[in-house]
Amino acid sequence: MTGAAVSAELDIKFVNTTQGMALTPILVAAHDANTALFRVGETASAALETMAEGGDISPLKTELEAVGAVSLDLTSAPTLAGTTHMGSLDTGTNMYLSLTAMLLPTNDGFVGLDSWKIPSQAGTYTLMLNAYDAGTEVNNELIVPGAADELGIPGNPTGMGGVNGSGASSSEGNANIHIHPGNLGDTNAEGGFSDVDSRVHRWLNPVAKLVITVK
């Protein structure tokens with residue numbers, strides 16, 4: 001006989017481990033085995049695309065609520081490099097944990113955790129999180145403030161970068177969710193091919209550390 005799932009209380013600590021990248025509000029969710037915020041190698045959902053291109057997590061939250069998942073807005077403002085955020089979550093009967101937030105400045109990059117099985121044993125668990133490309137927008141690396149619904153990076157919270165770039169890319173070879181290739185950037189503040197500063201906005205995975213304490 002299979003017993004009922006047991007609720008777990010989680011303490012969550014999130015650290016942005018990049019040199020100069022920022023993150024939009026971070027969504028953490030506990031859900032069942034049939035639910036996912038994203039799947040690597042598959043096409044992004046409309047809700048995931050909205051988050052990855054503009055940082056809006058509300059469509060994902062609506063979908064989670066509809067299937068009985070529970071979620072936590074770990075932050076409400078951009079998370080800058082080196083910043084730590086903490087929160088707590090009661091998982092209810094949900095046994096999997098996921099996380100997502102847009103990575104800025106990128107066109108459709110995001111940090112993600114996909115369906116991590118929550119341990120039944122109390123303890124502290126550390127996960128290193130990668131950045132993914134939603135595959136929904138060309139990585140032209142051109143900053144267009146507020147460009148959530150058009151081609152371009154919607155913002156650059158660091159304030160470091162350029163303008164009048166010609167575009168780092170005009171096509172993408174993978175339209176599914178995949179590991180992000182990273183920013184190219186350049187050092188030309190008044191032109192060049194990118195509005196992203198290569199001295200600040202380049203990274204290698206992982207981009208964040210997640211420490212989960214199961215009580």
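The values are calculated or read from the model by the stated rules, or taken from the named source; none is laboratory data. Bear in mind the structure is a predicted one, so any value in this text is a computation, not a measurement. Reconstructed Cβ throughout: ideal geometry from the backbone, glycine too, with neighbour counts over all protein chains shown.
Some values worked out for this structure:
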{"read-out": "Residue satisfying all of: in region 193-215; surrounded by 22 or more Cβ atoms within 10 Å (Cβ to Cβ) and assigned to a loop (DSSP other than H, G, I, E, B); nearest to the chain's Cα centre (by Cα) among these", "value": "VAL207"}
{"read-out": "Test: residue in region 72-84 that is charged (D, E, K, R), out of contact with any strand residue (DSSP E or B) (no Cβ under 6 Å at 6 or more places or on another chain), farther than 20 Å from VAL196 by Cβ and part of a strand (DSSP E or B)", "value": "yes"}
{"read-out": "Positions within region 11-56 being part of a strand (DSSP E or B), farther than 21 Å from THR79 by Cα and among the hydrophobic types (A, V, I, L, M, F, W, C), in sequence order", "value": "ALA30"}
{"read-out": "Number of positions in region 151-173 that are in contact with a Pro (Cβ under 7 Å, 6 or more places away or on another chain) and surrounded by fewer than 18 Cβ atoms within 10 Å (Cβ to Cβ)", "value": "1"}
{"read-out": "Qualifying position, being surrounded by fewer than 16 Cβ atoms within 10 Å (Cβ to Cβ) and either within 17 Å of the chain's Cα centre (by Cα) or under 29 Å from TYR125 (Cα atoms) (or both), among ASN183, ASN176", "value": "ASN176"}
{"read-out": "Test: residue in region 19-40 that is crowded, with 18+ Cβ neighbours inside 10 Å, closer than 28 Å to ARG202 by Cβ and hydroxyl-bearing (Ser, Thr, Tyr)", "value": "yes"}
{"read-out": "Extreme residue, surrounded by the fewest Cβ atoms within 10 Å (Cβ to Cβ), among residues of region 1-18 that are among the hydrophobic types (A, V, I, L, M, F, W, C), in contact with a Ser or Thr (Cβ under 8 Å, 6 or more places away or on another chain) and at pLDDT below 95", "value": "ALA4"}
{"read-out": "Selection count where residues are in a loop (DSSP other than H, G, I, E, B), touching a residue at least 40 places away in the same chain (Cβ under 8 Å) and more than 15 Å from MET51 (Cβ to Cβ), scope region 118-139", "value": "6"}
